[in-house]
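Remarks on the structure that follows.
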Amino acid sequence: GQQVMQIPQYQHVQEGEDFTTYCNSSTTLSNIQWYKQRPGGHPVFLIQLVKSGEVKKQKRLTFQFGEAKKNSSLHITATQTTDVGTYFCAGRLGSWGKFQFGAGTQVVVTP
Amino acid sequence: NAGVTQTPKFRVLKTGQSMTLLCAQDMNHEYMYWYRQDPGMGLRLIHYSVGEGTTAKGEVPDGYNVSRLKKQNFLLGLESAAPSQTSVYFCASWTGGSGYTFGSGTRLTVV
């Protein structure tokens with residue numbers, strides 16, 4: 001079964017609001033990546049987190065890796081219409097290059 | 001530098017027909033992957049390759065075959081297409097240290 005779960009599956013946000021999407025794994029991850037897929041497009045790599053408790057920021061996006069390396073979050077502040085899309089997390093379960101993707105959080109932004 | 005190129009971009013097949021999807025990368029990446037994406041299911045791994053001449057099964061390999069005769073190319077074959085294989089197919093490559101690079105996808109409809 002799917003080991004990497006994302007919640008919520010769908011997020012409707014008013015422009016200017018903040019929101020958070022979560023990624024949870026049933027097993028410890030060696031690292032985690034986040035991707036963004038615009039409607040009709042392909043997934044584009046955003047960031048990778050490796051260390052326990054790591055926090056990284058990209059402008060209005062804040063990514064966090066849990067202390068136990070079993071969960072991660074993506075927080076977006078002051079949402080803009082350009083943030084529309086589906087955000088995927090992908091967890092690396094072992095020591096080589098196979099990541100398991102979550103089902104994604106589809107974000108819709110209302111002006 | 002084109003990255004990952006997938007051909008064709010769109011295809012309609014009749015049930016029982018066969019076809020091959022081509023993925024080419026110019027980044028000298030060792031790892032290559034084929035995913036399918038269906039609504040609400042995220043990205044599911046079909047087959048992957050850790051190097052030239054090697055392939056392995058992913059989560060949903062049934063009905064598909066792959067080959068990696070050259071490092072830069074990863075082919076996905078459907079021997080006898082079924083309506084359940086209607087999906088968007090993404091190829092990705094990876095070398096470690098960063099995220100996957102995805103192609104723009106192939107939208108396949110089986111009627």
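The values are calculated or read from the model by the stated rules, or taken from the named source; none is laboratory data. Please read these numbers as outputs of a predicted model, since none were measured by experiment. Quick reminder, even Gly has a Cβ in these numbers, built from the backbone with ideal geometry, and neighbours come from all protein chains shown.
Conditions (1) outside any strand (DSSP E or B); (2) modelled with pLDDT of 95 or more; (3) more than 14 Å from chain B (Cβ to nearest Cβ), marked per residue:
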residue	(1), (2), (3)
A:H12	no, yes, yes
A:G16	yes, yes, yes
A:T28	yes, no, yes
A:Q33	no, yes, no
A:S52	yes, yes, yes
A:K57	no, yes, yes
A:Q64	no, yes, yes
A:H75	no, yes, yes
Seminar exercise, completed: Exception for B:Q6 within (1) more than 28 Å from A:T105 (Cβ to Cβ); (2) within 11 Å of chain A (Cβ to nearest Cβ); (3) touching a Cys at 6+ places or on another chain (Cβ under 6 Å) falls at (1)
Exercise. Does at least one position in region B:49-62 carry a residue that is touching a Phe, Trp or Tyr at 6+ places or on another chain (Cβ under 9 Å), touching a residue at least 60 places away in the same chain (Cβ under 8 Å) and not polar (S, T, N, Q)?
Worked result: no
Exercise. With respect to A:S26, is the statement that it is of a type in the set (G, A, S), out of contact with any Leu (no Cβ under 6 Å at 6 or more places or on another chain) and over 23 Å from B:F90 (Cβ atoms) true?
Worked result: yes
